[in-house]
Amino acid sequence: MTESTMHFKDSLFPQYPDFLDHLSRKIRDAKSDLFLVYEGLQPTWVQSAWHFIETQLEGKTIRKSYNSKVGVFSLHVMPTYIHDSLQPWQAQCREDWKDDGFITKDESRCLQAYTGTTLEFRDGPYRGSRKEPDVFVQSTYVDVPTLAMESGWSESLRELENDMNLLLVWANGAIKRVFIAKWTKHTDEYHVSGIIKVYKLDRNGMPIQEGPTQTIFPAPSDSQNQCISVRRKDLFCGSPYANINPNVMLKYPLDDLRVKASLNLRRMGLAPM
């Protein structure tokens with residue numbers, strides 16, 4: 001299993017057909033995890049290419065993002081198992097909250113998790129941007145997620161943080177937290193380390209990290225105590241459930257994420273550090 005990141009400048013493409021041909025070939029030729037980054041493209045080119053991918057290139061899993069503020073169009077082609085470890089983690093946590101009595105059956109049904117669904121940014125500093133988060137959680141009562149998660153394998157931590165900024169600033173406080181998980185394969189081409197960070201907006205509307213960076217792999221000695229906590233009122237913001245036990249903490253145990261990630265690494269022929 002190999003992975004790669006490829007960066008391209010707009011100067012390589014005199015006309016839109018040149019860009020579209022290049023993009024199409026890269027996607028069609030991809031045999032495994034590939035992260036493509038195009039810089040400086042005209043917004044109309046991105047809009048047209050986005051539509052082309054969704055209507056003409058349906059054979060491969062592709063997650064797309066366009067940051068209009070910095071002019072970057074990125075595509076994650078054929079995400080790996082480890083990249084998709086966050087989805088089952090979110091699902092298990094929601095089930096555990098219900099089983100342990102922290103949320104009711106109706107509240108559980110209210111919290112919907114989505115993967116790769118397009119969010120369109122129609123106003124604010126990121127107007128014209130689009131993003132397909134790896135995971136986002138959204139109540140059935142609101143139109144904007146309250147929590148999002150991004151996972152990085154081929155992409156760099158800086159690129160993940162750009163995604164985090166895009167989501168938090170665009171949502172203007174509606175998205176309460178963004179989790180970033182970064183996985184790194186080491187030089188032996190077998191062992192993988194991982195970290196997770198949590199971000200929110202400060203009182204001035206600027207993204208800041210909440211709490212320390214936590215290690216996923218290698219598991220620390222106190223791994224059973226590691227978790228991320230989100231208040232009920234934040235996750236249910238905008239719903240009738242937001243004011244019910246608002247300050248109760250809903251926990252995301254990192255040991256549960258380790259179980260999911262270890263299984264997915266084994267499927268890829270890899271192992272945790």
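The values are calculated or read from the model by the stated rules, or taken from the named source; none is laboratory data. Remember, it's a predicted structure, so these values are computed and weren't measured experimentally. Backbone-built Cβ (ideal geometry, glycine too); neighbour counts: all protein chains shown.
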Exercise. Going by the conditions given, is LEU57 modelled with pLDDT of 95 or more and of a type in the set (A, V, I, L, M)?
Worked result: no
Seminar exercise, completed: With the first residue restricted to the stretch 215-234 and required to be within 21 Å of VAL192 (Cβ to Cβ) and without any contact (Cβ under 8 Å) to a residue 12 or more places away in the chain, and the second required to be surrounded by 13 or more Cβ atoms within 10 Å (Cβ to Cβ) and not charged (D, E, K, R), Cβ contacts under 8 Å at 6 or more apart or on different chains are PRO220/GLN226
Exercise. Of the residues LEU270, LEU167, LEU201, LEU250, which is in contact (Cβ under 8 Å) with a residue 60 or more places away in the chain and out of contact with any His (no Cβ under 9 Å at 6 or more places or on another chain)?
Worked result: LEU250
For this session: Looking at (1) in contact with a Pro (Cβ under 8 Å, 6 or more places away or on another chain); (2) at pLDDT 95 or above; (3) surrounded by 19 or more Cβ atoms within 10 Å (Cβ to Cβ), find the lone condition where ALA171 falls short.
Result: (2)
For this session: Considering only the stretch 1-119, give the strands (runs of 3 or more DSSP E) lying wholly within it that have at least 3 residues that are within 30 Å of VAL259 (Cα to Cα) and in contact (Cβ under 8 Å) with a residue 24 or more places away in the chain.
Result: 34-39, 62-67, 72-77, 111-114
For this session: Could you figure out which of (1) free of Cβ contacts under 8 Å to residues at least 12 places away in the same chain; (2) more than 17 Å from ILE175 (Cα to Cα) isn't true of ALA242?
Result: (2)
Seminar exercise, completed: Filter the stretch 182-215 for residues that are touching a Pro at 6+ places or on another chain (Cβ under 8 Å) and more than 9 Å from MET273 (Cβ to Cβ); the one that is surrounded by the most Cβ atoms within 10 Å (Cβ to Cβ) is TYR199
For this session: Could you please tell me which pairs satisfy a Cβ distance under 6 Å, a separation of 6+ or placement on different chains, a first residue in the stretch 123-152 that is among the hydrophobic types (A, V, I, L, M, F, W, C), and a second residue that is outside any strand (DSSP E or B) and surrounded by fewer than 19 Cβ atoms within 10 Å (Cβ to Cβ)?
Result: VAL135/GLN87; VAL135/THR115; VAL142/GLY238; VAL144/ALA174
